[in-house]
1. What do you get for Rg/Rh of the protein assembly as shown when both radii come from the Cα atoms and Rh is the Kirkwood radius?
2. Counting other Cβ atoms within 10 Å, keep those with at most 11, restrict to DSSP loop, and tell me which GluC sites (Glu not before Pro) in segment A:1-71 are left.
3. Can you report the principal axis dimensions of chain A using only the alpha carbons, biggest first, rounded to whole angstrom?
4. Decide, for segment A:1-53, between rounded, prolate and oblate: order the square roots of the alpha carbon gyration tensor eigenvalues as a ≥ b ≥ c, take rounded if a/c falls under 1.5, and otherwise choose prolate if a/b is larger than b/c, else oblate.
5. Could you work out how far the C-alpha centroid of segment B:57-113 sits from that of segment A:50-80, in angstrom?
6. Please arrange A:48, A:103, B:95 by counting, for each residue, the other beta carbons lying within 10 Å of its beta carbon, fewest first.
7. In Å, what is the Rg of the alpha-carbon atoms in segment B:1-97, and how long is Dmax?
8. Fewest Cβ neighbours within 10 Å first, please rank A:11, B:32 accordingly.
Amino acid sequence: AQKITQTQPGMFVQEKEAVTLDCTYDTSDQSYGLFWYKQPSSGEMIFLIYQGSYDEQNATEGRYSLNFQKARKSANLVISASQLGDSAMYFCAMREWNSGYALNFGKGTSLLVTP
Amino acid sequence: EAQVTQNPRYLITVTGKKLTVTCSQNMNHEYMSWYRQDPGLGLRQIYYSMNVEVTDKGDVPEGYKVSRKEKRNFPLILESPSPNQTSLYFCASSLRQGVDGYTFGSGTRLTVV
């Protein structure tokens, strides 16, 4: 079964607007971590933000924030004030600390920021 | 600089010709992993290693081998590559409880003809 689901294959957003990329996850572990990565067209994987399952506050890193709703098992990425350089693939991933440390990825969302 | 180094970046090879993609990290990470990325499928784990001499299969291990003789190195071996192994490959490493996720290599784009 898919552990990470990203339902938006592609998204458009206008420069300077905020955008939310959806991510839902499936786990029976109580202890896990949620990650978001950015992959620009050059191909490298860039770590953006982390949320632990026991963290009570939503994670923030600059213009990135993670809207963590544990009961709904969702971990949406919010990018504020989008920039043209934000155009990329975005991957949500989960690591279950009691289950072998693998990082399970969703299929990704392609974000295009338009002028 | 802390990094994961993969080589080569690009490789075109023929069916059946054994090849090795090297991966090395300088962060003293215990955990290392190989992923392949295919359009529409995201990243899928091939093999991983929890520490030296400890390796295990991921989701798509068929056709691949790995070894972990030293902590820093984790090569990916394709004994007899086939066209369905044409893909973008990533090596990654992390601390065992790394809340910074994985550090990824730059990727190896492999084409098997």
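Please treat every number below as a calculation from the coordinates, not as lab data. No experiment lies behind these values; they were computed from the predicted model shown. Every residue, glycine among them, receives a Cβ derived from its backbone with ideal geometry; neighbour counts consider all protein chains shown.
1. Working: Rg = 17.5 Å, Rh = 18.1 Å.
Taking Rg over the Kirkwood Rh, I get 0.97.
2. Numbers: sites: A:15, A:17, A:44, A:56, A:61; in loops: A:15, A:17, A:44, A:56.
Answer in residue order: A:56.
3. 44, 27, 21
4. Numbers: a/c = 1.92, a/b = 1.66, b/c = 1.16.
Cα axes put segment A:1-53 in the prolate bin.
5. Answer, in whole Å: 29.
6. Values: A:48 19, A:103 24, B:95 15.
The most exposed by this proxy come first: B:95, A:48, A:103.
7. 12.9, 39
8. By the 10 Å Cβ count, ascending: A:11, B:32.
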